[in-house]
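Chemist: My questions all concern the structure below.
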Amino acid sequence: MAPKWRELADRLAAQIRHGDFAPGQHLPHIRDLVAAGEGSKATVHAAYKALEAQGLVTSSRGHGTVVRPHSPVRPIRLVGKRVVLREFTHEDVDDVLAIIGDDKVTTWLSFDSRDRAQTVAMIERAIERAQLGPRTEIYLAVTKHDDDRVIGFARIGLAGVQAGKLGYAIAATEWGHGYATSAASTLISHAFKELGLHRISAAIGPDNAASIAIVQQLGFTREGVLRDHVFTNGAWRDSVLFSVLAHEWSW
């Protein structure tokens, strides 16, 4: 179960995106939400800080918490040492299907292999979310420098206060060339430098030695084991949790 401040933040974020709170409108005062039974002062304050970290509101002493104006979302293109990260397009279906439809790849992921219809739906959702501002995730296709075909994907889901969750995958035919390491490091650098994140975590299957080696190479610290963290391939699976903080990042 999510903490109460997260539930409140998610509900308010949905209301803001739905238009229940217009740009420039003040959110209720913290004491009013406390009086309404939304939680303690600390709970509401944490929820408002999470909204601020997502870029949905601004807060200042004496002026309260105000919904930020919606600004056009600019496409993201990141160039790393070995790969380019770009937004998904509808033309990427076949390339993406070759990745998420391959059991050799999805055995290490948090979901089972997907068919073409599911792949089309996944890409459509990714394109739609990329056009909403502010973004709740950075989910990008991975390509080579000299070839725009998709060989993988990298994602940071924005969750918590200045925090993100890292995920990535590379086509099995492209394993062993350093593409995952380059994609992950490029996206992490963007998240710390441009998005102002403080912490990035990665939950990896205990048997996924290659992915564990990647995050260790990138300077992540092992925190512990999340028991029965995901249900995939017909069974519950633990995840090993790693994290890196902004002041530890030097790539």
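The values are calculated or read from the model by the stated rules, or taken from the named source; none is laboratory data. A quick note: this is a predicted structure, and the numbers were derived from the prediction, not measured. Quick reminder, even Gly has a Cβ in these numbers, built from the backbone with ideal geometry, and neighbours come from all protein chains shown. Side chains are part of the model used for accessible areas, which takes the heavy atoms of the whole protein and leaves out ligands, DNA and RNA. Shrake-Rupley method; radii C 1.70, N 1.55, O 1.52, S 1.80 Å.
Chemist: Using a simple charge model, +1 on the beta-carbon of Lys and Arg, -1 on the beta-carbon of Asp and Glu, nothing else, what dipole does region 31-151 show about its Cα centre, in debye to the nearest 20? Write down the numbers at each step before the final one.
Modeler: Numbers: 18 positive and 18 negative charges, 164 e Å.
Charge dipole, region 31-151, about its Cα centre: 780 debye, nearest 20.
Chemist: Ignoring ligands, DNA and RNA, please state the percent of accessible area on the chain from carbon and sulfur, probe 1.4 Å.
Modeler: On the way: 6980 of 13430 Å².
Here it works out to 52 percent.
Chemist: Using label points projected 7 Å from each Cα along Cα→Cβ, tell me how many nm separate Asp147 and Ala121, to one decimal.
Modeler: 3.1 nm
Chemist: Using 0.36 nm per residue, how much length does the chain from Asp10 to Lys193 gain when fully extended, once their Cα-Cα distance is taken away?
Modeler: On the way: separation 183, 0.36 × 183 = 65.88 nm, distance 2.47 nm.
Length gained between Asp10 and Lys193: 63.4 nm.
Chemist: Which cross-chain or sequence-distant (5 or more) residues have an amide H under 5 Å from the amide H of Gly101, H modelled 1.01 Å from N in plane?
Modeler: Those qualifying (amide H under 5 Å, at least 5 residues apart or on another chain) are Arg114.
Chemist: Taking the Cα centre of region 104-251 as the origin and placing charges on Cβ (Lys, Arg +1; Asp, Glu -1), which of Gln131, Ile212, Ala169 is farthest toward the positive end of the dipole?
Modeler: Checked the options; the winner is Gln131.
Chemist: Compare Ala202, Ala184, Ala46 in a GNM of the chain, Cα atoms joined below 10 Å, and give the one with the largest fluctuation.
Modeler: Per the Cα network of the chain with a 10 Å cutoff, Ala46 tops the list.
Chemist: How high is the relative contact order of region 106-251, in percent, counting Cα pairs under 8 Å that sit 6 or more residues apart? Walk me through the intermediate numbers first.
Modeler: Working: 216 pairs, mean separation 28.9, N = 146.
Answer for region 106-251 is 20 percent.
Chemist: For the residue pair Asp112 and Val79, what label-to-label distance in nm results when each label sits 7 Å from Cα along the Cα-to-beta-carbon direction?
Modeler: Taking the two extended label points, one gets 4.3 nm.
Chemist: Further question: Taking only protein heavy atoms and a 1.4 Å probe, what accessible area per residue, in Å², does region 1-129 have with all protein chains in place?
Modeler: Working: 7670 Å² over 129 residues.
Roughly 59 Å² per residue, with all protein chains present.
Chemist: Moving on. About its Cα centre, what dipole magnitude does region 5-70 give when the only charges are +1 on Lys and Arg Cβ and -1 on Asp and Glu Cβ, stated in debye to the nearest 20? The partial results should precede the final answer.
Modeler: Values: 8 positive and 6 negative charges, 37 e Å.
For region 5-70, the charge dipole is close to 180 debye.
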